[in-house]
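Just below is one structure, and these are the notes that go with it.
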Amino acid sequence: MVSHRPELPLESWLDATLAGATFEEVFDDDGTLAGWWAENPNCPGASASGATHDEARQKLRDVLAGWVKLGQELGHPIPSIREGEIATPA
């Protein structure tokens with residue numbers, strides 16, 4: 001018997017993916033905070049940077065939305081996040 005997980009709409013998938021993202025402060029050579037780096041290890045190649053934590057988070061959200069769209073167009077599997085998978089547009 002095949003078990004099907006409920007599908008998550010894109011916005012819910014993005015929220016869940018961002019909850020699992022890592023954010024790292026980036027410093028200049030002199031020790032001054034230069035900005036933030038954000039990524040989710042479950043989504044290879046999807047990363048972003050910003051001057052603030054919030055900016056890096058928003059940019060990562062935008063990158064992940066494009067990452068999902070391109071992955072679907074190319075037929076790549078989209079990682080399952082928590083209780084379901086992203087809903088594939090008809």
Peptides 68-81, 40-53 ordered by average Cβ neighbours within 10 Å, highest first | 40-53, 68-81
Measuring from label point to label point, each 7 Å out along Cα→Cβ, what is the Ala65 to Asp28 span in nm?
-> 3.2
Plugging the Kirkwood radius over Cα pairs into Stokes-Einstein for the stretch 7-86, at a temperature of 4 °C and a viscosity of 1.567 mPa s, what D comes out in µm²/s?
-> 99
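Throughout, read-outs are computed from the coordinates displayed, never taken from laboratory work. This structure is a prediction, so every number in the text was calculated from the model and none was measured. Glycine also receives a Cβ, built like all others from the backbone with ideal geometry; neighbour counts cover every protein chain displayed.
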